[in-house]
Amino acid sequence: MPYTTLEQLQTIIPAQELANLTNDDRMTNEIKVEVVNSAIVYADELINAYLRNKYKLPLKSVPQIITNISTDITAFRLYSRRPQKLPEHIKNRYDEAIKILTNIKKEEMILDLPSEHPEIEVTPPSQMVVTNKTSTSKKFNDSIWNGFGL
């Protein structure tokens, strides 16, 4: 399952612009879906290359941040077909996506993947223990413990 879709890509690139980026025939205003899909595959493979040693692939649930990264890399890849049209914000979003992937790889950022953290592995929160003992009513007071060299 791809990390992004054509519909998500259209949230950052208008349909007419997508048609211009994907279609080499200037006589039609159609979006070439196969070109978009090729860019999505590239983006997903790049993301997987960063995640491969840290997470089990394919991801069972895709966090929104991975969807956003895939969309940004896909947009950059499509604009790379027409480098003279590369908007600054697309380049900035691509640079940020690569920075986030690098941070995930270095474990400076961790993806919140519920399927990767089964309940049995989660450490329960610590609990405070309350007793009715005072420092003088303990069987082993501080002077006894100090005798053990602790």
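Every number in this text was worked out from the coordinates using simple rules, so none of it is lab data. Bear in mind the structure is a predicted one, so any value in this text is a computation, not a measurement. Cβ coordinates were reconstructed from backbone atoms using ideal geometry, including for glycine residues, and neighbour counts include every protein chain displayed.
Name the lysines eligible as straight-distance cross-link partners of residue 106: C-alpha to C-alpha under 21 Å, and not fewer than 8 places from it in the same chain. In chain and number order, the partners are 54, 56. For residue 68, neighbours were defined as the other residues whose beta-carbon sits under 11 Å from its Cβ, and their charges (Lys and Arg +1, Asp and Glu -1) total -1. Sorting 142, 44, 95 by the number of Cβ atoms found within 10 Å of their own Cβ, with the fewest placed first, yields 142, 95, 44. Taking θ as phi - 60° and the Karplus parameters 6.51, -1.76 and 1.60, the scalar couplings of segment 57-64 work out to 10, x, 5, 6, 10, 9, x, 4 Hz in sequence order, x denoting glycine and proline. Straight-line reach from residue 91: taking Cα to Cα under 15 Å and skipping same-chain neighbours fewer than 8 places apart, the aspartates and glutamates in range are 72.
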